[in-house]
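This report concerns only the one structure given below.
The values are calculated or read from the model by the stated rules, or taken from the named source; none is laboratory data. A quick note: this is a predicted structure, and the numbers were derived from the prediction, not measured. Every residue, glycine as well, gets a Cβ built from its backbone with ideal geometry; the counts of neighbours run over all protein chains shown. Side chains are part of the model used for accessible areas, which takes the heavy atoms of the whole protein and leaves out ligands, DNA and RNA. Shrake-Rupley method; radii C 1.70, N 1.55, O 1.52, S 1.80 Å.
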Amino acid sequence: MTIYPVYTRSFFIVLFSLFFLLPKGQLIAQESIRFKTVVIDAGHGGRDPGATGSKVKEKDVVLKVALKLGQYINEYLPDVKVVYTRDKDVFVPLNKRADIANRNNADLFVSIHANSIGASSIYGAETFVLGLHRSEENFEVAKKENSVIVLEEDYSTTYEGFDPNSSESYIIFELMQDVHLGQSISVASMMQDQFHNRVGRRDRGVKQAGFLVLRKASMPSVLVELGFLSNKKEEAFIASEKGQTFMASALFRAVRDYKNEFDSKSKMDDHVQLNRESEKQSISSIVYRIQIASSKKEVKKGTSFYKKFDNIWMYKDGDRFKYTTGQSDNYDDILQQMKTVKKDVNDCFVVAFENGSKIRLSEARAK
Ligand SMILES: [Zn+2]
């Protein structure tokens, strides 16, 4: 009985801390979004060699560049967590690679590849974002990268009958709306700038095509083709230690610049929220919604994005257009609705509005 008062006091301190700190902690996690995790995906591996040059295989050179990129991030951006889909010569199915990124709540997915083509004179680096190919040439790259699924067991079931060589299969990429497209294009452009301006590679540009490896990744994601192993000079560059260091450094600088841009935008969003908070509002009518997308460009009504989600409601925050779905005046109810939305948008979160203006979640819940 003598220890009872001591026990009680610490018990109350814990209880107190939980009561006051937990909601605050959750709030920070939801509103102060920072770039924390990058998933680096070295293409192919194990029984899948990828493209083959006269001396090297794609699976080996891309692994070396992937590991170097991870090493630079660990060294120079210590607050960013690096996750590899493979760090050795093993076979990883395409859908598992996106799973790894989703499970780790990655802020960016970078799939690294090297190309090969019949005409040995073709060379240069290119970066792809997910979408429907606009040219035969881009379609060929997607076909080649997707055809590795035939090495997987029961691929027809896993990929719902997707035939990597049939153009009809690619219609899914037209129907889908990638809410992260803007951010993916932004990071892809940074990578191409680095390849061209800092490493002096031939810039083949940012392109769009339907890659299965990017399809299920619910974050900005890009597929980099470092160069052509079918071109003698380019193969020698990519196969060399120096070439791998150059390409990994270029990728590192692009990831770093993207992270800086991402973090400064989040800071700006926080600032806007703080300003809104200081605007006193007397009439209380709280509405909760689920935020699913944020974009610099306005998404047109009637596009597949609008068709995919019910009751899309857009609001402007600074220079960004933000999109929400669902609606309720009850917090528990909106959490319930969010469970379904999460299946499509892994990083969605609840936002609160009072008379049409965004307010802090904590403020809404206190009313
Ligand atoms: Zn590849």
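Being free of Cβ contacts under 8 Å to residues at least 24 places away in the same chain and not small (Gly, Ala, Ser) is a description that does not apply to Phe211.
Filtering segment 81-90 to residues that are surrounded by fewer than 17 Cβ atoms within 10 Å (Cβ to Cβ) and closer than 14 Å to His44 by Cα leaves Asp87, Lys88, Asp89, Val90. For segment 41-57, the tally of residues that are within 12 Å of the ligand (Cβ to nearest atom) and buried (at least 17 other Cβ atoms within 10 Å of the Cβ) stands at 9. Residues of segment 112-121 being touching a Ser or Thr at 6+ places or on another chain (Cβ under 7 Å) and within 16 Å of the ligand (Cβ to nearest atom), which ones? Hits for segment 112-121 are Ser116, Ile117. Restricting the first member to segment 327-340 and to residues that are in the same structural domain as Asn311 (by TED's automatic domain parsing), and the second to residues that are open to solvent by less than 70 Å² (accessible area, probe 1.4 Å) and part of a helix (DSSP H, G or I), the beta-carbon pairs closer than 8 Å and six or more apart or on different chains are Gln327/Ile334; Ser328/Ile334; Ser328/Gln337; Tyr331/Ala364. Tell me, please, whether a residue that is open to solvent by 30 Å² or more (accessible area, probe 1.4 Å), farther than 22 Å from Lys242 by Cα, within 13 Å of the ligand (Cβ to nearest atom) and assigned by TED's automatic domain parsing to the domain that holds Ala250 can be found in segment 58-80. Checked against the condition, which is being open to solvent by 30 Å² or more (accessible area, probe 1.4 Å), farther than 22 Å from Lys242 by Cα, within 13 Å of the ligand (Cβ to nearest atom) and assigned by TED's automatic domain parsing to the domain that holds Ala250, segment 58-80 yields no hits at all. The C-beta contact set for segment 137-163 (first residue assigned by TED's automatic domain parsing to the domain that holds Gly50 and touching a residue at least 12 places away in the same chain (Cβ under 8 Å), second residue assigned to a loop (DSSP other than H, G, I, E, B) and open to solvent by 70 Å² or more (accessible area, probe 1.4 Å), distance under 9 angstrom, 6+ apart or interchain) comprises Lys143/Asn165; Asn146/Asn165; Ser147/Asn165; Leu151/Arg47. Open to solvent by less than 20 Å² (accessible area, probe 1.4 Å), away from the ligand (no atom under 12 Å from the Cβ) and assigned to a strand (DSSP E or B) - does that describe any residue in segment 91-108? The answer is yes, given that some residue of segment 91-108 is open to solvent by less than 20 Å² (accessible area, probe 1.4 Å), away from the ligand (no atom under 12 Å from the Cβ) and assigned to a strand (DSSP E or B). Listed by position, the helices (runs of 4 or more DSSP H) enclosed by segment 146-258 that each have at least 2 residues that are touching a helix residue (DSSP H, G or I) at 6+ places or on another chain (Cβ under 9 Å) and more than 16 Å from the ligand (Cβ to nearest atom) are 155-158, 171-175, 181-193, 232-239.
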